[in-house]
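S.K.: Let me give you the structure first, and then I'll get to my questions.
Values in this text are rule-based calculations from the coordinates and carry no lab data. Predicted model only: the values in this text are computed from it and were never measured. In this analysis, Cβ positions are derived from the backbone assuming ideal geometry, glycine residues included, and neighbour counts consider all displayed protein chains.
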Amino acid sequence: MEIIINKYKKVSDFCYELFRIAELQLYYSKFSNKIYSNFQKLFLLVYKQFRKFTYEELSTDLESNPELKTYLGFKKIPHYSTLVKFAKGLSLQIIERLILAFKKLIEPPKKVAIDATGITLDNASPHYCKRIGLSTKKRPFMKASFIVDIEKYLILLPKLRKKSRHDTIDAKPMIKKLAKHYSPEIFFGDRGYDDEKVFKLVFENLGAYPLILQRRIDINNHRRQGTYRKRFFKEFDYCQYLERCKIETVNSMIKRRFGSNTKTKTVKTQKVEILLRIIAFNIDRILRIGTQVILIFIKIIRVSQ
């Protein structure tokens, strides 16, 4: 238990610094009762993803850990309904700001990749679906597109969509947004992102080399459409392209570590849960890859304030 408590003390320190970098308000309204700050409630939602708890299990766990409760500054543990209400009203833009705040805590990425995966929206077994007449072949899911630093295995930018759409529809705004915050050297993508506009955005807006596998590699280059597709097909390095599979590893890691399905019902809360899961995943990765200097620095800042 002591090892677990020490780990989540580090997580709380990291969250504290992340919230400070994102410049979040301590309270949403001046009329708030100010019993629990936004920092405290946000941390509990991130902690919930680490422990894979329900809201009731989260409250029970904190009550049984007085040392962690004291470290977090809680005189009284909030009722689980308080956290449910806070999660429902939490803006997606705030969570996206938290994800972008990681850029000040990590080294600038040199190699990034884009890919999409599905997060199941229920936990029903195939047998249960068959009994109640639901389809077992195509289950409801949330399409999650990620841009990942494949050297550090960190998620830099997410995009969530409830309905199935072509990969390039989400890729274009994601690349434009990535260009405002990062300057990678190489951009990896599979055949789903083989589009002239994607090549152009990566090369001109992002300033990176688009290492994207094209669909028809068996035809002559002069038969291809698009200036950038023709140009980069000549320079395509398949051996280096194999590094793209690291993003598949990230998709597997986040599902194995934090689960492959959501526990909430509405679209808004499902997106909130998945985005908070991404924050928890990045924090977990940074703690694992050895950032002792960062943690000491964050600890000093927290104590001094």
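S.K.: Report, in listed order, any pair from LYS130/LYS152; LYS103/LYS255; LYS104/LYS271 with a Cα-Cα distance greater than 30 Å.
M.R.: Those over the limit are LYS130/LYS152.
S.K.: Also, I was wondering about something else. If one takes the longest principal axis of the Cα atoms in the chain, at what angle in degrees, from 0 to 90 and to the nearest 10, does the Cα axis of helix 2-21 lie?
M.R.: The angle comes out near 70 degrees.
S.K.: Something else now. Sequence neighbours fewer than 8 away in the same chain don't count; with that in mind, list the aspartates and glutamates whose C-alpha is under 19 Å from LYS163.
M.R.: ASP115, ASP122, GLU273
S.K.: A follow-up question, please. About the Cα centre of the chain, how large is the charge dipole given +1 on each Lys and Arg Cβ and -1 on each Asp and Glu Cβ? Please answer in debye to the nearest 20.
M.R.: Computed charge dipole of the chain: roughly 980 debye.
S.K.: Pull up the cross-link candidates among the lysines for LYS76, meaning alpha carbon to alpha carbon under 16 Å and not fewer than 8 places away within one chain.
M.R.: Answer for LYS76, where 16 Å is the Cα cut-off: LYS34, LYS41, listed by chain and number.
S.K.: Something else now. Estimate the FRET efficiency between LYS52 and LYS10 by the formula 1/(1 + (r/R0)^6), using the beta-carbon distance for r and 22 Å for R0, to the nearest 0.05.
M.R.: That pair, LYS52 with LYS10, gives E of 0.75.
S.K.: Take the Cβ-Cβ distance between GLU235 and LYS110 as r, set R0 to 25 Å, and report the resulting FRET efficiency rounded to the nearest 0.05.
M.R.: 0.90
S.K.: In whole Hz, what ³J(HN,Hα) sequence does region 67-78 give by Karplus (6.51, -1.76, 1.60; θ = phi - 60°), x for Gly and Pro?
M.R.: Result, rounded to whole Hz: 5, 5, 4, 5, 4, 7, x, 9, 7, 9, 6, x.
S.K.: Against the 2.2 N^0.38 Å scaling, with N counting residues, where does region 107-253 land? I'd like the Cα-based Rg ratio to two decimal places.
M.R.: Dividing the Cα Rg of region 107-253 by 2.2 N^0.38 Å gives 1.18.
S.K.: Considering the Cα trace of the chain, what is its radius of gyration and what is Dmax, both in angstroms?
M.R.: Cα-based Rg and Dmax for the chain come out at 21.4, 71 Å.
S.K.: Just to confirm the number: angle between the C-alpha axis of helix 292-304 and the first principal axis of the chain, 0 to 90 degrees, nearest 10?
M.R.: It works out to around 40 degrees.
S.K.: Here's another thing I want to ask about it. Run the numbers for LYS85 and ILE217: contour at 0.36 nm per residue of separation, minus the present Cα-Cα distance, in nm.
M.R.: 42.3 nm
S.K.: Please work out the FRET efficiency for the pair THR168 and LYS76, using the Cβ-Cβ distance as r and a Förster radius of 51 Å; give the result to the nearest 0.05.
M.R.: 0.55
S.K.: By how many nm would the segment from ASP122 to THR266 grow when fully extended, if each residue of separation counts as 0.36 nm and the alpha-carbon distance is taken off?
M.R.: Difference between extended and current length: 50.7 nm.
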